[in-house]
Amino acid sequence: LTVQGSISSSGNICLIDDGIIKLGKDNDLQLQHDGANSYISENGTGDLYITTNDASVRIVDDNSGNTMIAAKGGS
């Protein structure tokens, strides 16, 4: 699907498992679900911001494999 302009939907937009949503001119931001896990890949020059009201986030460093946990309140 190639579109010039905006895409609007009053329902769901569904992809099969392992489908990738690519955002940005150079596909800098990618969203994927493999059937069990969900992935957000940010490969651009800027930062990735996640805003939430009440959740924990598990962040894994691709280079080191270290897991960092950001809990409610930023601790």
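The values are calculated or read from the model by the stated rules, or taken from the named source; none is laboratory data. These figures come from a predicted structure and were not determined experimentally. Keep in mind that these areas ignore ligands, DNA and RNA; they rest on the heavy atoms of the full protein, side chains included. Shrake-Rupley method; radii C 1.70, N 1.55, O 1.52, S 1.80 Å.
Over region 1-50, accessible surface divided per residue gives 92 Å², non-protein components excluded, 1.4 Å probe. Carbon and sulfur: what percent of region 1-61's accessible surface (1.4 Å probe)? Within region 1-61, the accessible surface is 46 percent carbon and sulfur.
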